[in-house]
Amino acid sequence: MTINTVPVSQPVVSNSNSTVGGPLLEVNPHEFENCFTKRPFLVKHRLCDHPLFTMERILELSQRLPESCIEYNAGNIPISVEEGLTPRNGLSPEETIRRIEECKSWLVLKYVEKDPAYRELLEECLQVIRPYSEPIAPGMTQPQAFLFVSSPGSVTPFHVDPEHNFLLQIRGNKEVRMLDGHNSEIVTQETLENFYSDRGRNLKLRKEHVDAGWTYDLQPGQGLHFPVTFPHWVKNGESVSISFSITFRTPDLDRRRALYQANAELRGRGWKPWAVGKSFLRDNIVYQSFRLKRKFNQLFAKSSCSEQDARSCGMTKGM
């Protein structure tokens, strides 16, 4: 199913004005209520001319962020590729940004909210989202933002992400193919166990699922909601693309991660655990046990560090 437009009846907008004038986001309340966390849907934004998204400003940001916050790879790759086999482009981040029109690459600046200007912009965007996400998934926390810069025709391979996400298209266009993350034939229990156990986010796309799901031709001024762990891949259009991803977590996602990690441990011991969601009682027992185990491990680690510090101090005093 291809969707290129967004309903704009009864839009919800920010109460504050952005630096480019006018509200930052427009959200359809009925669509948000019916689709958030369940399926993708479009929103509108007014960030295309925002000064934080010029190439000069992005390049400046990349020079200030730590290396761990920058990921960049060759963009001329298959839709489905193992994470460890994604090739680098042989350039530095600065060279990648400067040569993005011809270097066939994609680059993401992670956690750009570390910069005060981008943090302020992220918070202003989430002010619009919060009143409508809270009744569905309460407890918005860990607001984070990601900035993507992609060459014409570059591919971001098939993968899943752990956050509530709205991808705002700033410049250029990109085709987004998203599959139903609630379909257990597409996203299996083992897939989620591996993902939440930090064994990689890239997935293998099966032939029977190539044409499944939703296709969006995302244009500047449009944003797209990605429900948590809905697998997707992205192919850039014929010009350079800039996208701004605003994300957040909620307490239910911590519980979800813990349940899949617990099931992964059980499966690793040769058991066949019940699927997450099959029994609320079973899930609650597993989650509470996981929390107690995690708290014990944290206390043990803290105690060990304290003992080690004490021994170090004793050794220092005896020198």
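The values are calculated or read from the model by the stated rules, or taken from the named source; none is laboratory data. On a predicted model such as this, the values are computed, not experimentally measured, just so you know. We place every Cβ from the backbone using ideal geometry, glycine too, and count neighbours over all the protein chains shown. Keep in mind that these areas ignore ligands, DNA and RNA; they rest on the heavy atoms of the full protein, side chains included. Shrake-Rupley method; radii C 1.70, N 1.55, O 1.52, S 1.80 Å.
Things worth noting here:
- Against the numbered list (1) over 22 Å from Thr250 (Cβ atoms); (2) among the β-branched types (Val, Ile, Thr); (3) open to solvent by 20 Å² or more (accessible area, probe 1.4 Å), Thr141 comes up short only at (1).
- From Trp274, Trp233, residue being surrounded by fewer than 19 Cβ atoms within 10 Å (Cβ to Cβ) and aromatic (Phe, Trp, Tyr): Trp274
- The number of residues in the range 145-194 that are within 29 Å of Arg119 (Cα to Cα), open to solvent by 20 Å² or more (accessible area, probe 1.4 Å) and hydrophobic (A, V, I, L, M, F, W, C) comes to 2.
- Asn76 meets the conditions (1) outside any strand (DSSP E or B); (2) at pLDDT 85 or above in every case but one. The failed one is (2).
- Within the range 196-230, the set of residues being of a type in the set (Val, Ile, Thr), buried (at least 19 other Cβ atoms within 10 Å of the Cβ) and out of contact with any strand residue (DSSP E or B) (no Cβ under 8 Å at 6 or more places or on another chain) comprises just one member, Thr229.
- Test for Arg177: is it farther than 24 Å from Ala258 by Cβ and either in contact with a Lys or Arg (Cβ under 6 Å, 6 or more places away or on another chain) or among the basic types (Lys, Arg) (or both): yes
- Residue list for the range 245-269, restricted to those being in a helix (DSSP H, G or I), farther than 15 Å from Val160 by Cα and in contact with a helix residue (DSSP H, G or I) (Cβ under 7 Å, 6 or more places away or on another chain): Arg255, Ala258, Leu259, Gln261, Ala262, Asn263, Ala264, Arg267
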